[in-house]
Amino acid sequence: MKFEILIHTVLLLLLGSCSTKTTVASKPNIVIINVDDMGWKDVGFMGSEYYETPNIDYLASLGMVFTNGYAASANCAPSRASLLTGKWTPRHGIYTVNSSERGASKHRKIIPTKNTITLAKEHTVIPEILQQNGYITCHAGKWHLSESPLDFGFQINIGGGHNGHPQSYYPPYKNVSIEGATNQHLTDIIMEKTLAVVDTVQNPFFLYYAPYAVHTPIQPVHELSEKYEQKPSWNGQENKAYATMVENLDRNIGLLISKLKEKRMFENTFLVFTSDNGGLYGITKQQPLRAGKGSYYEGGIREPFFFVMHKKIRVNATSDVPITNLDIFPTILEVAGIPINQLQLDGTSLSPILEEKESTLDRPLFWHFPIYLEAYNVHDNENRDSLFRTRPGSVVRYKNWKLHYYFENDEVELYDLTQDIGERNNLATNEPEKTKELLRHLKKWWEETNAPIPRKLNPEYEF
């Protein structure tokens, strides 16, 4: 079914019924912007002086920015599964893309946990709950969790499939099923079709805007290239083609905000902005954070993260409360007035923080990665070792302390992020009591989530 016909059919079936329910119509619209591979400092509001993101920066100024915002995983598929289900990775079993046996077998000491590549239907996701409560649901961009988001509560799908990235941002897009004009950039055509939905949809609606940008392939947006030719680098950020992709994405987000305002929807829209994992090291850097996408050092999991809602969230607000994208699901349900008692979510509603009724959340945060992920470049990286972005392990952050645990040799790293945000000074030996405390949190969490712990030795391991 062609995109335009699908929109028309969905609206005919749904809008009429929604318009008769004043309680439904009064609910806020909900927009999640989940950018692909955008690092913590790849935007101006987080300090970048190289990338130009005026629309995103403006949007951030209208709400609350979380300086300690995290993805639930350091790469795309598991992070997206956790955001949409509100569950830790051991609950859904998606840990990476494709096989868990990444890198040369002779370098892998243990047999990694088998990876799941398709989200099981047993998991309830955000659009399903919102649709059941009168929302029209639209997915735009990257899905990556099954063959189609239409199987998971979305009524409109713009370009989403099981693919993790486009083969090209210029037509023919090949593995992205979408029709664009001659030489039209993929980010532009997805937004064009998204704006067509916003133009016709009525309240309440849910938009999950998950652009393929700024994931590889790194292909310049040609009309923006000239301005970066003479622009000096900043803190390791200097990739001109990537900069044009960032700016073009920002331009499209500006179009979305303008459309919401034009339709008088913006003031009744709850908006979340984040990224699925850290920036791709070698393309962009997040100094002073260490490493990038695929690593469980801060550069791989800390994200640009903010929330906006007119008169509900104070403008120009900031919070240093550690949060993750698992918190989005329960927060959305509370904002929409939907009971969450029947759902077992691992995140926490952030409404008390957003409304500034509370200023702290006393809880540990966890990451579990019982598999291998090979390094991109053995000669230029900030990983624990040059062969892998990460080896099998788990991570826990509690307050300002962060502990890494590696399964191969039961090794531990401990960092005080207040003093050492770059995770350079391992304090595990100097702080034995703090190490034991965080290990207790981690081991309790393993039991509660039935997290798989790989222990079987690999007979092909050499060194």
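Here are a few things to note about the model shown:
- Flag for residue 247 being under 23 Å from the mean Cα position of the chain (by Cα) and either farther than 30 Å from residue 135 by Cβ or not assigned by TED's automatic domain parsing to the domain that holds residue 129 (or both): yes
- Qualifying residue in the range 110-125 (condition: polar (S, T, N, Q) and farther than 23 Å from residue 372 by Cβ): yes
- Out of 134, 141, 159, 164, one residue alone is of a type in the set (Gly, Ala, Ser), modelled with pLDDT of 95 or more and more than 21 Å from the chain's Cα centre (by Cα). It is 134.
- Spans of helices (runs of 4 or more DSSP H) in the range 40-107 with at least 1 residues among the charged types (D, E, K, R) and touching a residue at least 60 places away in the same chain (Cβ under 8 Å): 76-85, 89-92
- Of note, residue 427 satisfies the criterion of being part of a loop (DSSP other than H, G, I, E, B), touching a Phe, Trp or Tyr at 6+ places or on another chain (Cβ under 7 Å) and not basic (Lys, Arg).
- Qualifying residue in the range 26-45 (condition: modelled with pLDDT under 95 and surrounded by fewer than 19 Cβ atoms within 10 Å (Cβ to Cβ)): yes
- Number of the exception - residue 294 against (1) part of a loop (DSSP other than H, G, I, E, B); (2) on the phi < 0 side of the Ramachandran plot; (3) in contact with a strand residue (DSSP E or B) (Cβ under 9 Å, 6 or more places away or on another chain): (2)
- With respect to the conditions (1) among the charged types (D, E, K, R); (2) crowded, with 22+ Cβ neighbours inside 10 Å; (3) more than 28 Å from residue 333 (Cβ to Cβ), residue 192 lacks only one, and its number is (2).
- Top-ranked residue in the range 63-80 [being hydrophobic (A, V, I, L, M, F, W, C) and in contact with a His (Cβ under 8 Å, 6 or more places away or on another chain); ranked as nearest to residue 38 (Cα to Cα)]: 76
- The residue pairs whose first member lies in the range 449-461 and is within 24 Å of residue 345 (Cβ to Cβ), whose second member is surrounded by 12 or more Cβ atoms within 10 Å (Cβ to Cβ) and among the charged types (D, E, K, R), and whose beta carbons are closer than 9 Å, counting only pairs six or more residues apart or on different chains, are 449/87; 449/91; 449/346; 450/91; 452/114.
- Options 251, 264; residue that is surrounded by fewer than 23 Cβ atoms within 10 Å (Cβ to Cβ), more than 15 Å from residue 51 (Cβ to Cβ), out of contact with any His (no Cβ under 7 Å at 6 or more places or on another chain) and modelled with pLDDT of 95 or more: 264
- Checked against (1) modelled with pLDDT of 95 or more; (2) surrounded by fewer than 19 Cβ atoms within 10 Å (Cβ to Cβ), residue 214 passes all but a single condition, namely (2).
- Residues in the range 193-218 that are in a helix (DSSP H, G or I) and either without any contact (Cβ under 8 Å) to a residue 12 or more places away in the chain or of a type in the set (A, V, I, L, M, F, W, C) (or both): 195, 196, 197, 198.
- Where residue 222 falls short, out of the listed (1) in contact with a Leu (Cβ under 6 Å, 6 or more places away or on another chain); (2) farther than 23 Å from residue 29 by Cβ: (1)
- Failed item, numbered, when residue 407 is tested on (1) under 25 Å from residue 77 (Cβ atoms); (2) surrounded by fewer than 19 Cβ atoms within 10 Å (Cβ to Cβ); (3) more than 22 Å from the chain's Cα centre (by Cα): (2)
The values are calculated or read from the model by the stated rules, or taken from the named source; none is laboratory data. Quick caveat: nothing in here was measured; it's all calculated off a predicted structure. For neighbour counting, all protein chains shown are included, and Cβ atoms are generated from backbone atoms with ideal geometry for every residue, glycine included.
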